[in-house]
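Take a look at the structure set out below.
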Amino acid sequence: MMKSKLALFVLAGLSATAASAAPAPVAAKASQEEIIRKRIEPRLGKDVKIESIKKTPYSGLYEVRAHGDILYTDEAGEYLFFGQVIDVKSQRNLTKERVDEINMIKFSELPFQHALKLVKGDGKRTIAIFEDPNCGYCKRFRQTTLKEIDNVTVYTFMYNILSEDSSAKSKNIWCAPDRNKAWDDWMLDNKAAPVAAANCANPNDKVFELGRKLRIEGTPAIFFTDGSRIPGAIDTKGLEAKFASLNKAGKPAAPAAAAALAPVAAKK
């Protein structure tokens, strides 16, 4: 948590306001949420807004959501806590569970018309991946996990965040006669697609906006039909385990460990 963008924003905000006066006055009859918002939000950094405030069932802490992340505070909004809350008895990471929950998406609402589509075997299992053409971990993921796994449909959104020429490469691939082949040629064999015509329409801008909306800060980012995600590459064993968890009736899909291949490949 301390490495999150929110933590950095808060630390920067605290530094910038260290010499300021006392916290903003709060109305006497204000709710706890209002008190916390008025005292904490000005300290979160420029343009960072609190999305929600919720009392937790542990130790009287309040959960503060902002910038897609979570921090904790007391009921008066006088102290901030960065870190992860672990249930010692069950060994559950309650903070991670909440982050996973709030980052869930509606998979069926993804704009699949803006993605490449690959079907292997019967294609009965489905994932969506956001990848940058300059992402080394994305290439490794395709050269290993996606090469080894079968019976899967893969929607690939070319999400250009790593290099200035990422958008040009994605446009060339999208505008190629065979998009899937052009993508594989580049990701597997480093064979560049022909330069696209200047007027060739492509979904680069729309995919970029979508990625920002979904708070994707690195590639690869893998989404599953239950709305969960894995922020980073994963090996074949881990992906199969994730698929198996999706098939367990009545049980939530447990997030698979993404560290088998790599953490989030890169951030901008």
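The values are calculated or read from the model by the stated rules, or taken from the named source; none is laboratory data. Keep in mind that this is a model prediction, so the values were computed, not measured. Every residue, glycine among them, receives a Cβ derived from its backbone with ideal geometry; neighbour counts consider all protein chains shown. Quick note on the areas: whole protein, heavy atoms, side chains included, nothing else; ligands and nucleic acids left out. Shrake-Rupley method; radii C 1.70, N 1.55, O 1.52, S 1.80 Å.
When the surface is traced with a 1.4 Å probe over the full set of protein chains, Asp189 keeps roughly 110 Å² accessible.
What number comes out for accessible area per residue over region 80-171 if the probe is 1.4 Å? Units Å², please.
Details: 4610 Å² over 92 residues.
It amounts to 50 Å² per residue over region 80-171.
For region 43-93, trypsin sites (Lys or Arg not before Pro) meeting the loop criterion (DSSP other than H, G, I, E, B) and having at most 16 other Cβ atoms within 10 Å: Lys46, Lys49, Lys89.
Which entries of Lys191/Lys237; Lys96/Lys213; Lys49/Lys237; Lys181/Lys248 have Cα-Cα distances beyond 31 Å here? Let's see the in-between values first.
Numbers: Lys191/Lys237 29 Å; Lys96/Lys213 20 Å; Lys49/Lys237 39 Å; Lys181/Lys248 35 Å.
Over 31 Å Cα-Cα: Lys49/Lys237; Lys181/Lys248.
Ordered from highest to lowest accessible area with the whole protein assembly present and a 1.4 Å probe, Val85, Val64 read as Val85, Val64.
Applying the criteria of a DSSP loop state and at most 12 other Cβ atoms within 10 Å to the trypsin sites (Lys or Arg not before Pro) of region 142-212 yields Lys191.
Of Asp47, Asp122, the order by accessible heavy-atom surface (1.4 Å probe, DNA, RNA and ligands excluded), from most exposed downward, is Asp47, Asp122.
Taking 0.36 nm per residue of sequence separation and removing the Cα-Cα distance, the Ser31/Ala201 pair yields an extension gain of 56.1 nm.
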